[in-house]
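Read the structure below first, then the notes.
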Amino acid sequence: MIDQVQQYLLSLQADICAQLEQVDTQASFIKDEWKKLNGGGNGLTRVLTKGKVFEQAGVNFSIVHGDNMPASATALRPELSGRRFSALGVSLVIHPNNPYAPTSHANVRFFIAEKEGEEPIWWFGGGFDLTPYYGFDEDCVFWHKTAKEACDPFGEEVYPKYKKWCDDYFYMKHRGEQRGIGGLFFDDLNEGSFDECFAFMRSVGNSYINAYRPIVEKRKDIPFSEHERQFQLYRRGRYVEFNLVYDRGTLFGLQTGGRTESILMSLPPLVRWEYQYEPEPNTPEAQLYDKFLKPQDWLGGE
């Protein structure tokens, strides 16, 4: 199981990085291979910085092993306590320079927990979501249409289920707002055979760049001023808040002694906070809050 998944994840990482380099045309990903000091895993982190299109893009592959599942994993699954585990996945966050080009995130992962004399427990998880700073209806529709197409071969109920899960997961309770326009989120997937679940994970993983690349290429050259840049930096603060307060992947990585530099590469290089900021009424900034950060059916019942 692990060998199959690892081979796919490394090829996915390479493909996504190659396509993002084609979009940027100026900067390239550095490759940083690393190993945990205690021998509990290794990884390949790829990071692009100071590009023409991307201010920072990080695409990380990791595989970690341990004798006990961390609290972030056993809180909802107490039957996992005391089991050895392996976890591997690709996780990425892309922060463009242009405020009209959205930030995006994707993750696909596989866990297996084993105990002598008992059947192994395994599952897949993952998804992708979009965080615009300035909203465009056509981008939202295209993003969700691509997400739905990734799910359709696996049943008509799959997209609505994982779309709602994404909306629920990327909700910031302390702010009372969504992080972005959502997409897909799934976890603990082990219904049916390993091959069926693995095929769904691959469909989601492969669809991410097909959903994101056309949007970035459409928005990357829109003229913008310091006003839009400052709003982008302010909204990036929400991204930081979510990742450090709620994100299960971040917590899992830190609790398993993962490589901190790779775990926190998701954070944007520049960000700002402002006390009690309120957008001016009837502006594109206000529209982000009033329209785009509201969970909705972007496909109109397709």
Item to check | Accessible area, probe 1.4 Å, largest first, for residues 115, 164 | outcome: 164, 115
Item to check | Rough spin-label spacing in nm, given labels placed 7 Å along Cα→Cβ, for residue 221 and residue 280 | outcome: 2.9 nm
Checklist entry - According to the square roots a ≥ b ≥ c of the eigenvalues of the Cα gyration tensor, what is the shape class of the stretch 52-182, taking rounded for a/c under 1.5, prolate for a/b larger than b/c otherwise, and oblate for the remainder? => result prolate
Checklist outcome for this item: Counting only protein heavy atoms with a 1.4 Å probe and every protein chain in place, the carbon and sulfur fraction of the accessible surface of the stretch 113-156 in whole percent equals 48 percent
Next on the checklist: So if I average 1/r over every pair of distinct C-alpha atoms in the stretch 1-58 and take the inverse, what Kirkwood radius in Å does that give?
Outcome noted: 12.6 Å
Checklist outcome for this item: Compactness check, the stretch 126-178: C-alpha Rg relative to the 2.2 N^0.38 Å globular estimate gives 1.23
Next on the checklist: If I take R0 = 51 Å and measure r between the Cβ atoms of residue 230 and residue 195 in this structure, what FRET efficiency does the formula 1/(1 + (r/R0)^6) give, to the nearest 0.05?
Outcome noted: 0.55
Next on the checklist: For the chain, what does the accessible surface come to per residue with a 1.4 Å probe? Please give it in Å².
Outcome noted: 46 Å²
Checklist entry - With respect to the cross-link table entries 31/218; 36/161; 36/220; 50/218, which display a Cα-Cα separation exceeding 31 Å? => result 36/161; 36/220
Checklist entry - Put 191, 156, 21 in order of accessible area, largest first, 1.4 Å probe: what do you get? => result 156, 191, 21
Checklist entry - Rounded if a/c is under 1.5, else prolate if a/b is larger than b/c, else oblate: which is the stretch 164-258, with a ≥ b ≥ c the root eigenvalues of its Cα gyration tensor? => result oblate
Next on the checklist: Spelling out what I want: for every residue of the stretch 101-114, take phi, set θ = phi - 60°, compute 6.51 cos²θ - 1.76 cosθ + 1.60 (Karplus), and round to whole Hz; glycine and proline get x.
Outcome noted: 9, x, 6, 9, 9, 8, 7, 9, 8, 9, 10, 9, 10, 10
Next on the checklist: Can you tell me what percent of all Cα-Cα pairs in the chain are more than 35 Å apart?
Outcome noted: 16 percent
Item to check | lysines whose Cα lies under 23 Å from that of residue 163, excluding same-chain neighbours fewer than 8 positions away | outcome: 145, 148, 173, 291, 294
Checklist entry - Sorted by accessible area with a 1.4 angstrom probe, largest first, how do 81, 262 fall? => result 81, 262
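The values are calculated or read from the model by the stated rules, or taken from the named source; none is laboratory data. All values reported here derive from a predicted model rather than from experimental measurement. Methodologically, a virtual Cβ is constructed for each residue, glycine included, from the backbone with ideal geometry; neighbour enumeration extends over all protein chains shown. The accessibility values were calculated without ligands, DNA or RNA, using every heavy atom of the protein model including side chains. Shrake-Rupley method; radii C 1.70, N 1.55, O 1.52, S 1.80 Å.
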